[in-house]
Amino acid sequence: MELKAIEILLDKYFEAETSTAEENVLKAYFSSADVAPHLEQYRPMFGYFAGEATQKFERTVPLKTKRRKVAWLSAAAGFVLLSGLIALLNRQPEPSGALGTYDDPEVAFRETQKALNMLSSNVNVGVAGMGYLGEYEKTKEKIFKDHHNQKSKSKKK
Amino acid sequence: MNQSEFIKTINPFKDRLFRLAKRLLVSTEEAEDATQEVLVRLWNNRGKLKSYNSVEALAVTITKNYCLDQLKSKRATEMRIVHSNYTDRDAGLQQQAEDRDSWNWVEKIMDELPEQQKIIVQLRDIEQYEFEEIAKMMDMNETAVRVALSRARKAIREELTKKHSYGIKSN
């Protein structure tokens, strides 16, 4: 009786007319220990199908949120740039106070001269400071020369 | 869609994608690569996923197309890895060894099938999708799916019968 039902299901199965429920009945039948000898040949087929369904994908997939990070980063960079620019623009008008300006051209000229004199004398101070450097240079030259001569002497030897 | 939502969405079917990829690409390594690629593509398009009725059907279609492309572009020098992680069953040890042997036979027979039939058998007999779903995934009508499936099943039967009767005769 049951065997007859299985045979009918098998015929339907090979015509691709069985439902998934019916196919599960077949799978269950062929995984049982007592399969009718004349149906034995179908056992591997259903056994294989059932076995194949147990394979698993074990790898973990790296899910990057890269694109979003870049967007955030550029937004942040833009913000920093903008705020820096604003701060710069806001600061500029400040020194336009009266500091260092003169209404009378004569006074302005004198002050300028004074400033330039001060500058030039300071430049001289700076240049005088360079004298030491000259001394250093001389010494260095001497050592270098001696060293050089020694070298050439030793070569001659 | 955030990461945990995405993982919740793909978890029920990621093994199926892998098995389909493996059916087509044969090597476990390549199948894993393909599955990863498909999942990353889904993730990159996660914003659009909600507009699909079935993300699973979409994922199967993408996997199928991706693997067929891979096969076309490489016709890879396939390395066969015979897996032996079958579940234990009631039958005795001797029987199990015989089963494994005959399962390998089924696998070899399936490898010889045309790609379309291979995929349909995979989707129906192993993954148990409904014909309606398979038709969508394959971009075919249901009748055509049934015809291809019937042909594939009969081809497997024919080869198995040959093998089976050969075994009996040689005994």
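Computed from the coordinates by the stated procedures, all read-outs in this text should not be read as laboratory data. Just so you know, these numbers come straight off a predicted model, no measurement behind them. Reconstructed Cβ throughout: ideal geometry from the backbone, glycine too, with neighbour counts over all protein chains shown.
Using the Cβ-Cβ distance between A:Ala21 and B:Val40 with R0 set to 35 Å, the FRET efficiency works out to roughly 0.45. Over all Cα atoms in region B:1-83, the spread is summed up by Rg and Dmax: 13.2, 39 Å.
Taken along the Cα-to-beta-carbon direction at a fixed 7 Å, the label points for A:Val127 and A:Arg110 span 2.8 nm. In terms of overall dimensions, region B:92-171 has a Cα radius of gyration and Dmax of 14.9, 47 angstrom. Residue by residue along B:151-163, Cβ atoms of other protein chains within 10 Å of the local Cβ number 3 on average. Counting every pair of alpha carbons in region A:2-52, the share spaced more than 19 Å apart comes to 15 percent.
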